[in-house]
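Student: For reference, the structure I am asking about is given below.
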Amino acid sequence: MIQNLDKHFNFLQTALKARASRQELLGANLANADTPNYKAVDVDFRQALQNALAGAQHGAHMQLTHRRHLDGAQGGFLDADVKYRNPTQPAIDGNTVDAEEEMARFSENGLHYQALLTFTTGRIRTLQQALSNN
Amino acid sequence: MSIMGVFQIAGSAMTAQSMRLNVVASNLANVDSATSSTGQPYKARQVVFQATPVNGLNGPAQGVRVSQIVEDPSPPRMLYAPDNPLADEKGYVQMPNVSVVEEMANMISASRSYQTNADMMNTAKTLMLRTLALGQ
């Protein structure tokens, strides 16, 4: 069982990392709402999560030739996952950020992140209960 | 720690927006400054925002910075005031090319953006605190 702990949390961990990275992307969109020529970016979350899970399972890790080297799988998205958003009403200065839409997605993504945290807490509680002797 | 990245990004945007607000304040304060240290009437200034990678982040998410502050090249407003010592031979004084209406709109836009970024920081803080309380 104890060897399976890693697997047990793998999905939640990867999903949390992916949600956090997406939160950062959406935050960057909002921060750049007034930057000329900035193009709003986002990920297809389903695809990005599948890629991240595949990477975590099949060991898409970098080769480490020194004990202090960092593993490449630090979470976050592959460059290929990040796409420009189709603008609904682009501004004349080339900016494609729709602040309301980005705000909605930012809040939604935050909520999903919190939901994942709740699920993770549930799993930890279950394990703790199994480990306790009463 | 991607959630920490939100702090950095929102922080960079808040700095940029407050610089924009500063420039607006300078423009509005000098709306009647017919002369300055250069002897010329005050010229309206505008900030130029640029998307820029922030410290410690190497992903696709970018922060904001003010890349430069440009002076408005439009001609000065001509005011007929023959009794003013700065008036030319026809009695006109060159006044700053500040458009008060434009600056007010700019000010509202800057303060709204600042608020959005402050909200964003708050959300990131909540998420971070809940992450720290994981398993409790």
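The values are calculated or read from the model by the stated rules, or taken from the named source; none is laboratory data. Quick caveat, the model's predicted, so the values are computed rather than measured. All Cβ positions, glycine included, derive from the backbone under ideal geometry; neighbour counts span all protein chains shown. Ligands, DNA and RNA are stripped out before the accessible areas are found, and what is left, the full protein with its side chains, is counted by its heavy atoms. Shrake-Rupley method; radii C 1.70, N 1.55, O 1.52, S 1.80 Å.
Student: Quick one: with all protein chains in place, what share of the accessible area of chain B is carbon or sulfur, to the nearest percent (1.4 Å probe)? Write out the running numbers ahead of the final one.
Tutor: Numbers: 4230 of 7690 Å².
The nonpolar share, carbon plus sulfur, comes to 55 percent.
Student: Kindly provide the GluC sites (Glu not before Pro) of segment B:61-105 that DSSP labels as loop, not H, G, I, E or B, and whose Cβ sees at most 13 other Cβ atoms within 10 Å. Walk me through the intermediate numbers first.
Tutor: Working: sites: B:GLU71, B:GLU89, B:GLU102, B:GLU103; in loops: B:GLU89.
Of the GluC sites (Glu not before Pro), the ones in loops of segment B:61-105 whose Cβ has at most 13 other Cβ atoms within 10 Å are B:GLU89.
Student: If you count, for every residue in A:110-117, the Cβ atoms of partner chains within 10 Å of its Cβ, what is the mean? Walk me through the numbers before you get to the answer.
Tutor: Values: counts 8, 2, 0, 6, 4, 0, 1, 6.
Counting Cβ atoms of other protein chains within 10 Å of each residue's Cβ and averaging gives 3.
Student: Moving to a separate point now. Run the quick spin-label model on A:LYS83 and B:GLN115: label points 7 Å from Cα toward the beta carbon, then report their separation in nm to one decimal.
Tutor: Label at A:LYS83, label at B:GLN115, 3.4 nm between them.
Student: When Cβ neighbours within 10 Å are restricted to other protein chains, what is their mean count per residue of peptide A:14-27? Show your work: numbers first, answer last.
Tutor: Numbers: counts 0, 0, 4, 2, 1, 3, 10, 6, 2, 9, 14, 8, 4, 16.
Going residue by residue through A:14-27 and averaging, the value is 6.
Student: Report, in degrees rounded to the nearest 10, the 0 to 90 angle that the Cα long axis of helix B:100-132 makes with the longest principal axis of chain B.
Tutor: 10 degrees
Student: Now for a separate question. Looking at segment B:64-115, which trypsin sites (Lys or Arg not before Pro) are DSSP coil and have at most 11 other C-beta atoms within 10 Å of their C-beta?
Tutor: Working: sites: B:ARG65, B:ARG77, B:LYS90, B:ARG112; in loops: B:LYS90.
Loop-located and lightly packed - B:LYS90.
Student: While we're here: Student exercise: in the protein assembly as shown, how many lysine pairs 8 or more apart or on different chains have Cα atoms under 20 Å apart? Display every interim value, and only then the final one.
Tutor: On the way: A:LYS7/A:LYS17; A:LYS17/A:LYS83; A:LYS17/B:LYS125; A:LYS39/A:LYS83.
Close lysine pairs found across the protein assembly as shown: 4.
Student: With a sphere of radius 14 Å drawn around the Cβ of B:ALA44, what net charge do the other residues whose Cβ falls strictly inside it have (Lys, Arg +1; Asp, Glu -1)? Kindly include the intermediate steps, with their values, before the conclusion.
Tutor: On the way: positive: B:ARG20, B:LYS43, B:ARG45, B:ARG77; negative: B:ASP32, B:GLU71, B:ASP72, B:GLU102, B:GLU103.
In short, -1.
Student: Net charge near B:VAL54, counting Lys/Arg +1 and Asp/Glu -1 over other residues with Cβ under 14 Å of its Cβ? Could the numbers behind the result be given before it?
Tutor: Values: positive: B:ARG65; negative: A:GLU24.
In short, 0.
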